[in-house]
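The values are calculated or read from the model by the stated rules, or taken from the named source; none is laboratory data. Just so we're clear, the structure is a prediction, and the values are computed from it rather than from any experiment. Here the Cβ positions follow ideal geometry from the backbone for every residue, glycine too, while neighbour counts run over all protein chains shown. Side chains included, ligands, DNA and RNA excluded: accessible areas come from the protein's heavy atoms. Shrake-Rupley method; radii C 1.70, N 1.55, O 1.52, S 1.80 Å.
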Protein chains: 2
Amino acid sequence: MKFELEQAVEILERTPSVLNQLLIDLSNDWVLTNEGTDSWSPFDIVGHLIHGEETDWLPRAKIIMEQGEAHAFEKFDRFAQFEKSRGKSLHELLETFGLLRQRNLAELKTLNLTPEQLGKRGKHPELGEVTLGQLLATWVVHDLSHLSQMTRVMCQQYEEAVGAWKEYLPILKK
Amino acid sequence: MKFELEQAVEILERTPSVLNQLLIDLSNDWVLTNEGTDSWSPFDIVGHLIHGEETDWLPRAKIIMEQGEAHAFEKFDRFAQFEKSRGKSLHELLETFGLLRQRNLAELKTLNLTPEQLGKRGKHPELGEVTLGQLLATWVVHDLSHLSQMTRVMCQQYEEAVGAWKEYLPILKK
């Protein structure tokens, strides 16, 4: 599938409501349990998505637009959520994520990106040359992959409860 | 996590709205593309969930309640959706799934299952002895695992579009 800004935005704009439908008012057992040592719970993942809105996607898009390859992005802290989400409720996190995403997509729209601009190059501190279009595609895959991870983590909580059916559930054997 | 009927229902009752939020009005490129040979698109997966509502979960629960181990379940056809969904729109499928799920959960509620009844045994045609509680836990994991699969399938569509970032996206390397 070729990258098209409009199709990318279709996903980006619905992630907050998908997360709300999936997580709001769920028992803490579903929301706060991870897959064991150092893995992430749904609560942790929402915090991680918030940190991405604040420091990764749109800020990096603006660096590419304004400075191109002259300025490498800051490194992204993949563990910031553990400190930043402390003491907050899931409800607060979901609300924050929804507002940040809405603001970032509104700002993206004002950039009025052309197909040529999507090819504009930036510099990733480790991966080297990347383009604005690749950054935006990664934003989309990042959302979807964390939805996939989150629902997998929730599956694991019933690993024992399914009994013999585990045999038919490859997701429980990972 | 120990199986608790109430917590299981929390997931089962929200799956239709999660699917609606994720899929309604998405471009066909997102909805109809699979991961290659014999794999399933989001459209196929919704059809598969419908077939489960019609022939698997609640019908099997009733067999356990009424006949226990005396009557093995019918085999479940994992590919029925390819024929049954033909010519239908995603919108129709989502609506059908939502109605069937609502009806099945209403019927489940009327069974007023006690913790003792959740231990009641049934006979799976291949897996052998299973319990009603295990069947209901599997219903939940089945929902979540297909949500996980669906979002993974959608990720794959941007495998090329993300460029060098693929390195950081383990979901694209499966």
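Based on DSSP H assignment, which helices of chain B show an axial Cα extent of at least 27 Å together with a mean Kyte-Doolittle hydropathy greater than or equal to -1.0? Length and hydropathy pass: B:5-23, B:90-110, B:132-156. In this structure, the pairs whose alpha-carbon distance is over 27 Å, taken from A:LYS166/B:LYS166; A:LYS75/A:LYS120; A:LYS173/B:LYS173, are A:LYS166/B:LYS166. From largest to smallest, the equivalent ellipsoid semi-axes obtained for segment B:108-174 from the alpha-carbon gyration tensor read 40, 13, 9 Å. Local charge for A:ALA61 was computed over the other residues whose Cβ lies under 13 Å away, with Lys and Arg +1 and Asp and Glu -1, and equals +1.
Taking a ≥ b ≥ c as the square roots of the Cα gyration tensor eigenvalues, with a/c under 1.5 meaning rounded and otherwise prolate when a/b beats b/c, else oblate, which class fits segment A:28-111? Oblate, since a/c reaches 1.5 and b/c is not below a/b.
Across the accessible surface of the protein assembly as shown, with the other protein chains kept in place and a 1.4 Å probe, carbon and sulfur atoms take up 48 percent.
For chain A, relative contact order (Cα pairs under 8 Å, six or more residues apart, normalised by length) works out to 31 percent. Restricting the calculation to Cα atoms, chain A yields a radius of gyration followed by a Dmax of 17.8, 57 Å.
Per residue, the accessible area of the protein assembly as shown comes to 47 Å² when a 1.4 Å probe rolls over the protein heavy atoms.
Shown for segment B:121-146: residues covered by the partner protein chains by 40 Å² or more of accessible area relative to the chain by itself (probe radius 1.4 Å), namely B:LEU127, B:GLN134, B:THR138, B:VAL141, B:LEU144.
Shielding of peptide B:162-173 by partners, expressed as the average count of other chain Cβ atoms within 10 Å per residue Cβ, is 6. What the Cβ-Cβ distance of B:ASN112 and A:GLU54 gives, at R0 = 51 Å and to the nearest 0.05, is a FRET efficiency of 0.60. Which aspartates and glutamates does B:LYS2 reach when only Cα atoms under 17 Å apart count, and residues fewer than 8 places away in its own chain are ignored? Here the aspartates and glutamates satisfying the reach criterion relative to B:LYS2 are A:ASP29, A:GLU35, A:GLU159, A:GLU160, B:GLU10, B:GLU116. Inter-copy label distances for A:ARG121: 6.9 nm (label point placed 7 Å from Cα along Cα→Cβ; shortest first). Based on alpha-carbon atoms, the Kirkwood radius and the radius of gyration of the protein assembly as shown give Rg/Rh equal to 1.00.
Normalised by the number of residues in segment A:40-123, the mean separation of alpha-carbon contacts (under 8 Å, six or more apart) gives a relative contact order of 51 percent.
Only helices enter this figure: runs of n ≥ 4 DSSP H residues, each worth -39500 (n - 2.57), summed and divided by the residues of the protein assembly as shown, yield -18000 deg cm²/dmol at 222 nm to the nearest 500.
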